[in-house]
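Structure first, then comments.
The values are calculated or read from the model by the stated rules, or taken from the named source; none is laboratory data. As the structure is a prediction and not an experimental result, all values here were calculated from the model. Positions of Cβ are backbone-derived with ideal geometry, glycine not excepted, and every protein chain shown enters the neighbour counts. Side chains included, ligands, DNA and RNA excluded: accessible areas come from the protein's heavy atoms. Shrake-Rupley method; radii C 1.70, N 1.55, O 1.52, S 1.80 Å.
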Amino acid sequence: CSTADGSGAWTVYNTGLYTSCANLEVVDGKPALTAIGENGGLLFARCSTSDGSGTWTTVTVDSDDVAATSMATVAGKPAIVYRTNTTYVDLGEGGYYLGDLRYATCATTDGLGAWTSHVIETGVNAGAYPSLAEVNGKPAVSYLDEANDDLRYARNANADGSGAWTITTPDATNSTGYYTSLMIVDGKPAIA
């Protein structure tokens, strides 16, 4: 937008590059986004200018079939949590995918370097509606465990996600965990 309050004219850049699940974040002072590409893989793109009018550089983070994403800055570097679709379970009238819930971090602060991913949960029907945040300097994610309709929270001991993931269920009342949003409130993690 051309004004600080959003009431001015809006300019659209780079139309048609990505298909779905876009997330916008400021990465190393420039706008960046994650999205699912035309072939289903996870993409990261960052602009060369702070207003989004410059050249956008795109990096493939993961070429597997991706279904949901969330991006945040963790320990000064861009990070993405996402779910993959690996195996479809057909129930006759509908079904669901089993997949991995993964966490990826970039080696560089601008997000244009090498990306490394670690699995939070594997071969499960969990990871829909993820929300990533930095909690006490470490990655944390809220998401839906679709198999049980429960809200889950996972946190890693290392900023790059290479340590063990501790998974808890903050809420298992009825069907919970849809459209999660995780952030720090008064110094503590909170989930809507």
Only one of Ser117, Ser131 is under 19 Å from Ala67 (Cβ atoms) and in contact with a Ser or Thr (Cβ under 6 Å, 6 or more places away or on another chain), namely Ser131
Among the residues of region 39-53, which ones are open to solvent by 20 Å² or more (accessible area, probe 1.4 Å) and more than 14 Å from the chain's Cα centre (by Cα)? Asn39, Arg46, Ser48, Thr49, Ser50, Asp51, Ser53
Among the residues of region 157-182, how many are open to solvent by 50 Å² or more (accessible area, probe 1.4 Å), in a loop (DSSP other than H, G, I, E, B) and either among the charged types (D, E, K, R) or over 15 Å from Leu101 (Cβ atoms) (or both)? 11
If you check Ala75 against the conditions, is it surrounded by 12 or more Cβ atoms within 10 Å (Cβ to Cβ), at pLDDT below 90 and under 19 Å from the mean Cα position of the chain (by Cα)? no
Considering region 78-93 alone, what residues qualify as being of a type outside the set (A, V, I, L, M, F, W, C) and open to solvent by less than 40 Å² (accessible area, probe 1.4 Å)? Pro78, Tyr82, Arg83, Thr84, Asn85
Subset of region 152-178, residues acidic (Asp, Glu) and within 19 Å of Val119 (Cβ to Cβ), comes to Asp160
I'd like the full set of residues that are over 15 Å from the mean Cα position of the chain (by Cα), aliphatic (A, V, I, L, M) and closer than 23 Å to Ala67 by Cβ, limited to region 149-171. Leu151, Ile167
Among residues belonging to region 17-31 that are open to solvent by 70 Å² or more (accessible area, probe 1.4 Å) and not polar (S, T, N, Q), point out the one that is modelled with the lowest pLDDT. Leu17
Within region 54-64, count every residue that is within 30 Å of Thr87 (Cβ to Cβ) and either loosely packed, with under 13 Cβ neighbours inside 10 Å or modelled with pLDDT under 90 (or both). 2
Those residues of region 123-148 which are closer than 25 Å to Ala75 by Cα and over 14 Å from the mean Cα position of the chain (by Cα), in sequence order: Val135, Asn136, Gly137, Lys138
Which residue pairs have Cβ atoms under 8 Å apart, sit 6 or more places apart or on different chains, and have a first residue in region 89-116 that is in a loop (DSSP other than H, G, I, E, B) and modelled with pLDDT of 90 or more and a second that is among the acidic types (Asp, Glu) and surrounded by fewer than 22 Cβ atoms within 10 Å (Cβ to Cβ)? Thr109/Asp28; Asp110/Asp28; Gly111/Asp28
Sort out which residues of region 139-156 are open to solvent by less than 60 Å² (accessible area, probe 1.4 Å) and either in contact with a helix residue (DSSP H, G or I) (Cβ under 6 Å, 6 or more places away or on another chain) or not hydroxyl-bearing (Ser, Thr, Tyr) (or both), and write them in order of number. Pro139, Ala140, Val141, Leu144, Asp145, Asp149, Asp150, Leu151, Arg152, Ala154, Asn156
